[in-house]
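Notes to accompany the following structure.
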Amino acid sequence: MKIERIELQQLHMPLRFRFETSFGYTTIKELILVSVYGEGEVGHAESVAMSAPYYSEETTETAWHMMEKFMIPKLFTSEIETPEDVDRLFAPIRRNNMAKAALEGAIWDLYSKQKGISLAKALGGEKSVIDVGISIGIEPTVDQVLAKVERHLGEGYKKIKVKIKPGFDVEVIRAIRERFGEGVPLMADANSAYTMEHLDVMKELDQYGLMMIEQPLAHDDIIDHAKLQRELSTPICLDESIHNVDDARKAIELGSCGIINIKVGRVGGLTESKRIHDLCQAHDIPVWCGGMIESGVGRAHNIAITSLPNFTIPGDTAASSRYWEEDIVENGVELMAPGQLAVPDSPGIGYTLNQKAIGNYVIRTANFRP
Ligand SMILES: O=C(O)CCC(=O)c1ccccc1C(=O)O
Ligand SMILES: [Mg+2]
């Protein structure tokens, strides 16, 4: 694969609502759109690093820096035949997974376009339709959460995830169960807001038949999660704690979780996402695709990886129109049926960029050539 040019564009996309988690809130989503040009085609992906280091250590600025100073120069001075070569090329660079994933993902898109196949097919995906859920943030009142649950259940979303934090947890879950019943596929995401001191709260949550509790304990822990898992019948799902396939192997071996959330950015790319998927499949650990408030470009990548068979639990890839007045892909990523997204079968990510919309959001551009 001959790479002729790489373009980075920093975009600021205003959200249609304030998205709050236990670690902070987002009203304007920052992202870096990566475009890799070669042999008459162009591949796209986005960096999901956030503006501040509260979900992970990366930020928009560090991702830009790592790509510009270390990753793009490597791409221009190496022979690349397949996207797996990119994964190998970046391996000596420690962490900075979101920066790595953005470049590797754009090259996966470019590679599948050059082959004339969909990204889903290039990854070994099998599904033509995926079930999706929705992630509801922390709201000022429980009633406001209930209103959102009602609206999104009406749109057919197949999983309702609510964000929790100490003081805004059991009450929310109880209210949802009382109002909407036991049948709602419901889970809670704590984004590391609890410690083992909160065992009593976790045991209370355990009474509500949740599909899982996501990342209750520290972002860098798998030991206490194993202890907690032994105290609960609800499966623990790890998000922040899993950065690569070895983390997944150790967490499974220790019994730290029963489910893993795969985010392509957090694990450093689609190649590593596939490895984690395969490992989990071999151990009967279901996986699902998490979200990072992506634009349509990141959503398209999420759809492609979710087409792999062990993504058996609906992920967080909701429709573009929930987040954006206007997305940066033509027509947005929209539900084809209640709670379902189509897996495109056209080459690459299967979505065309909306250059006019990009023009409205872009605040910085740089081009790199060999
Ligand atoms: O709607 C989405 O994109 C998922 C939102 C979400 O839950 C989330 C958003 C930003 C950072 C972390 C997380 C998370 O899954 O923990
Ligand atoms: Mg999470």
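The values are calculated or read from the model by the stated rules, or taken from the named source; none is laboratory data. Please read all numbers here as calculations on a predicted model, not as lab measurements. Cβ sites come from the backbone with ideal geometry, for glycine too, and all protein chains shown count toward neighbours. These area figures cover heavy atoms from the full protein model, side chains too; ligands, DNA and RNA do not enter into them. Shrake-Rupley method; radii C 1.70, N 1.55, O 1.52, S 1.80 Å.
Just need a number here: residues in segment 143-171 that are within 16 Å of ligand 2 (Cβ to nearest atom) and touching a helix residue (DSSP H, G or I) at 6+ places or on another chain (Cβ under 7 Å).
In the first step, residues of segment 143-171 are kept if they are within 16 Å of ligand 2 (Cβ to nearest atom); the result is 159-165, 168-169.
Pick out the ones that are also touching a helix residue (DSSP H, G or I) at 6+ places or on another chain (Cβ under 7 Å) and you get 160, 162, 164, 169.
Count: 4.
Tally the residues that are open to solvent by 20 Å² or more (accessible area, probe 1.4 Å) and either part of a helix (DSSP H, G or I) or not aliphatic (A, V, I, L, M) (or both), restricting the search to segment 89-99. Quick ask: steps written out before the conclusion?
Here is the first cut: in segment 89-99, the ones open to solvent by 20 Å² or more (accessible area, probe 1.4 Å) are 89, 91-97.
Cutting the leftovers down to either part of a helix (DSSP H, G or I) or not aliphatic (A, V, I, L, M) (or both) gives us 89, 92, 94-97.
Residues flagged as open to solvent by 20 Å² or more (accessible area, probe 1.4 Å) and either part of a helix (DSSP H, G or I) or not aliphatic (A, V, I, L, M) (or both) within segment 89-99 amount to 6.
Is segment 51-66 home to any residue that is under 19 Å from Gln355 (Cβ atoms) and either more than 16 Å from ligand 2 (Cβ to nearest atom) or touching a residue at least 12 places away in the same chain (Cβ under 8 Å) (or both)?
Filtering segment 51-66 down to residues under 19 Å from Gln355 (Cβ atoms) leaves none.
No: segment 51-66 contains no residue that is under 19 Å from Gln355 (Cβ atoms) and either more than 16 Å from ligand 2 (Cβ to nearest atom) or touching a residue at least 12 places away in the same chain (Cβ under 8 Å) (or both).
Determine if segment 258-272 includes at least one residue that is farther than 29 Å from Thr27 by Cα and either free of Cβ contacts under 8 Å to residues at least 24 places away in the same chain or within 12 Å of ligand 1 (Cβ to nearest atom) (or both).
Kept after step one, since they are farther than 29 Å from Thr27 by Cα, are these residues of segment 258-272: 258-259, 271-272.
Checking which are either free of Cβ contacts under 8 Å to residues at least 24 places away in the same chain or within 12 Å of ligand 1 (Cβ to nearest atom) (or both) leaves us with none.
No, segment 258-272 contains no residue that is farther than 29 Å from Thr27 by Cα and either free of Cβ contacts under 8 Å to residues at least 24 places away in the same chain or within 12 Å of ligand 1 (Cβ to nearest atom) (or both).
Among the candidates Asp247, Asp224, Asp239, which residue alone is touching a Lys or Arg at 6+ places or on another chain (Cβ under 9 Å) and either open to solvent by 20 Å² or more (accessible area, probe 1.4 Å) or within 16 Å of ligand 1 (Cβ to nearest atom) (or both)? Don't jump to the end; show me each part of the working.
Values: Asp247 fails: touching a Lys or Arg at 6+ places or on another chain (Cβ under 9 Å); Asp224 fails: touching a Lys or Arg at 6+ places or on another chain (Cβ under 9 Å).
When all the criteria are applied, what remains is Asp239.
For segment 198-227, which positions are assigned to a helix (DSSP H, G or I), within 16 Å of ligand 2 (Cβ to nearest atom) and over 15 Å from Asp169 (Cα atoms)?
Once the filter is applied, which keeps residues that are assigned to a helix (DSSP H, G or I), within 16 Å of ligand 2 (Cβ to nearest atom) and over 15 Å from Asp169 (Cα atoms), segment 198-227 yields only His225.
For segment 184-195, indicate whether the set of residues that are in a helix (DSSP H, G or I) and buried (at least 17 other Cβ atoms within 10 Å of the Cβ) is non-empty.
Taking segment 184-195 as the starting set, the residues that turn out to be in a helix (DSSP H, G or I) are none.
No, segment 184-195 has no match at all.
Could you please let me know if Ala304 is in the same structural domain as Ile222 (by TED's automatic domain parsing), open to solvent by less than 10 Å² (accessible area, probe 1.4 Å) and over 21 Å from Ile136 (Cβ atoms)?
Numbers: in the same structural domain as Ile222 (by TED's automatic domain parsing): yes; open to solvent by less than 10 Å² (accessible area, probe 1.4 Å): yes; over 21 Å from Ile136 (Cβ atoms): yes.
Spelling it out, Ala304 is indeed in the same structural domain as Ile222 (by TED's automatic domain parsing), open to solvent by less than 10 Å² (accessible area, probe 1.4 Å) and over 21 Å from Ile136 (Cβ atoms).
Would you confirm whether or not segment 79-98 contains a residue that is over 20 Å from Asn302 (Cα atoms) and in contact with a Pro (Cβ under 9 Å, 6 or more places away or on another chain)?
For segment 79-98, residues over 20 Å from Asn302 (Cα atoms) and in contact with a Pro (Cβ under 9 Å, 6 or more places away or on another chain): absent.
Can you name every one of the strands (runs of 3 or more DSSP E) wholly within segment 108-183 that holds 1 or more residues which are free of Cβ contacts under 8 Å to residues at least 12 places away in the same chain and of a type in the set (Asp, Glu)? Walk me through how you get there before you give the answer.
Values: elements: 129-131, 134-136, 160-163.
Those strands (runs of 3 or more DSSP E) do not exist here; none qualify.
Applying the selection to segment 252-264, what residues are away from ligand 2 (no atom under 12 Å from the Cβ) and crowded, with 23+ Cβ neighbours inside 10 Å? Before the answer, list the steps.
Here is the first cut: in segment 252-264, the residues away from ligand 2 (no atom under 12 Å from the Cβ) are 252-258, 264.
Ser256, Cys257, Val264 - these are the residues of segment 252-264 that are away from ligand 2 (no atom under 12 Å from the Cβ) and crowded, with 23+ Cβ neighbours inside 10 Å.
Looking only at segment 15-41, count how many residues are touching a Ser or Thr at 6+ places or on another chain (Cβ under 9 Å) and under 17 Å from Val329 (Cβ atoms).
7
If you check Val132, Val86, which single one turns out to be at pLDDT 95 or above, within 16 Å of ligand 1 (Cβ to nearest atom) and aliphatic (A, V, I, L, M)? Break it down stepwise before answering.
Working: Val86 fails: within 16 Å of ligand 1 (Cβ to nearest atom).
Sole residue among the options that is at pLDDT 95 or above, within 16 Å of ligand 1 (Cβ to nearest atom) and aliphatic (A, V, I, L, M): Val132.
Under 8 Å by Cβ, and 6 or more places apart or on different chains, what pairs join a residue from segment 302-319 that is farther than 12 Å from Ile259 by Cα with one that is of a type in the set (Lys, Arg) and crowded, with 24+ Cβ neighbours inside 10 Å?
Between residues of segment 302-319 that are farther than 12 Å from Ile259 by Cα and residues that are of a type in the set (Lys, Arg) and crowded, with 24+ Cβ neighbours inside 10 Å, the close pairs are Asp316/Lys161; Thr317/Arg299.
Identify, by number, the condition in (1) among the acidic types (Asp, Glu); (2) buried (at least 21 other Cβ atoms within 10 Å of the Cβ); (3) part of a helix (DSSP H, G or I) that Asp278 doesn't meet.
The one condition Asp278 does not meet is (2).
Just to check your reading of the model, which residue among Leu279, Leu308 is farther than 23 Å from Asp221 by Cβ and at pLDDT 95 or above?
Working: Leu279 fails: farther than 23 Å from Asp221 by Cβ.
The match here is Leu308.
Would you mind telling me which numbered condition in (1) at pLDDT 95 or above; (2) within 16 Å of ligand 2 (Cβ to nearest atom) Ser35 fails?
With respect to (1) at pLDDT 95 or above; (2) within 16 Å of ligand 2 (Cβ to nearest atom), Ser35 is out only on (2).
So that you can scan it fast, the table gives a plain yes or no per residue for (1) within 13 Å of ligand 1 (Cβ to nearest atom); (2) under 11 Å from the mean Cα position of the chain (by Cα); (3) under 23 Å from Ser112 (Cα atoms):
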{"residue": "Cys280", "(1), (2), (3)": "no, no, no"}
{"residue": "Ile285", "(1), (2), (3)": "no, no, no"}
{"residue": "Cys289", "(1), (2), (3)": "yes, yes, yes"}
{"residue": "His301", "(1), (2), (3)": "yes, yes, yes"}
{"residue": "Leu308", "(1), (2), (3)": "no, no, yes"}
{"residue": "Pro314", "(1), (2), (3)": "yes, no, no"}
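If you go through segment 141-164 one residue at a time, do you hit one that is farther than 23 Å from Ile313 by Cα, crowded, with 18+ Cβ neighbours inside 10 Å and within 16 Å of ligand 1 (Cβ to nearest atom)? Working first, answer last.
Here is the first cut: in segment 141-164, the ones farther than 23 Å from Ile313 by Cα are 141-144, 147.
Now restrict to residues that are crowded, with 18+ Cβ neighbours inside 10 Å: none.
Checked segment 141-164: no residue is farther than 23 Å from Ile313 by Cα, crowded, with 18+ Cβ neighbours inside 10 Å and within 16 Å of ligand 1 (Cβ to nearest atom).
For segment 303-315, enumerate the residues that are assigned to a helix (DSSP H, G or I) and within 19 Å of Met211 (Cβ to Cβ). If you could, list the steps in order and put the result at the bottom.
Here is the first cut: in segment 303-315, the ones assigned to a helix (DSSP H, G or I) are 303-306.
Hit for segment 303-315 is Thr306, nothing else.
Need pairs with beta-carbon distance below 9 Å; first residue over 17 Å from Tyr37 (Cβ atoms) and within segment 339-368, second open to solvent by 40 Å² or more (accessible area, probe 1.4 Å) and among the aromatic types (Phe, Trp, Tyr); sequence gap 6+ or separate chains.
Correct list of pairs: Pro344/Tyr351.
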